[in-house]
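The structure appears below as structure tokens.
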Amino acid sequence: MSRFGSRLRHYLGAPRPEGLAAANGGRLFAQVRQLEVRARQAMTAGLAGQYNSAFKGRGLEFEEVRDYRSGDDVRTIDWNVTARTGRLHVKLFREERDLTVLLLADLSASTLFGSGPMTVHDLIAEVSGLFALAAGRRDRVGAVLFDDHVRAIIPPRRGWRHGLRVAGQLLAAEPAGRGTAVGEAMGAAARLLHRRGIVIPVVDRACVLPSRELRALGARHDVVVIRVGDPLLERCAPGTPLPVSWAEGRGRAVLAAGRLKPPPPLPAGVDVVELSTGEDYLPAVRALFRERERRRAR
């Protein structure tokens, strides 16, 4: 390969140096470990508390009765127990979380594009993994992996280790399908969730979300759409030819930049986060949490 070709491959369309598809078990373990370290740092920096405030359960659940203490809300006095014992007692409640978080991860071939060290797929895998680890601390989390069909379903479970399993499968998955069966993935999510949960589609910005399926999902569940794009494709003049190397050296192609049309508006009540491979995604995630917490406080 010529020097120019080598530089072009390094900049356009090349995956991260470790290469997701070529990663052996040791490299994949290292990737998951790096994600775990970043996730723990984000949790320590307050992301866990922001997640808990942004995504709450269905209400309050009675926990126990105890003696009244100065400063307790008189509205929580349990008069039945007070009458039986002759001493003031109050009811204690705890937040009933009982949440299930389901990630819908886009593995279509278009996500293999990246104008820098991170491809769209890399960012989809990483931000999905971060949500899986954040949710796994207190909630059940699962995932639906799809390209032109549903490729895998990870049933929801609770725990940090299960969050790591979800993150590991996302990092290990190799995008392949030419289509994007996001409607089929939404249908799978609807069948998996028997009670109200949180559905987070993490998709390529070129993916057109089916309005009917999205409205049906939003009517029963809390939906947060995360769209991931690459700045080179979106900032170049329309029609600009971009020669790219296909991931893992399997060939070359020419993409037309600026081809994306503005996405149609999402149904009311559906949150959306726009991410780019050229920017840190944590500020956008934190902004989502703050906005949801602000709405809940109204």
Problem - Segment TRP160-LEU28, length gained on full extension (0.36 nm per residue, minus Cα span) - result: 45.7 nm
Exercise for the section: Compute the distance in nm between two label points, each set 7 Å from the Cα along the Cα-to-Cβ direction, one at PHE93 and one at ASP148. Expected result: 5.2 nm
Handout entry: Inter-site label distance for GLU63 and SER211 at 7 Å from Cα along Cβ, in nm
Key = 4.6 nm
Fill in the blank from the handout: At R0 = 22 Å the Cβ-Cβ FRET efficiency linking VAL37 and ARG290, nearest 0.05, sits at 0.35
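Every read-out reported here was derived from the displayed coordinates using simple, explicitly stated rules and does not represent laboratory data. In this text the structure is predicted, and so the values were computed from the model without any measurement. Every residue, glycine among them, receives a Cβ derived from its backbone with ideal geometry; neighbour counts consider all protein chains shown.
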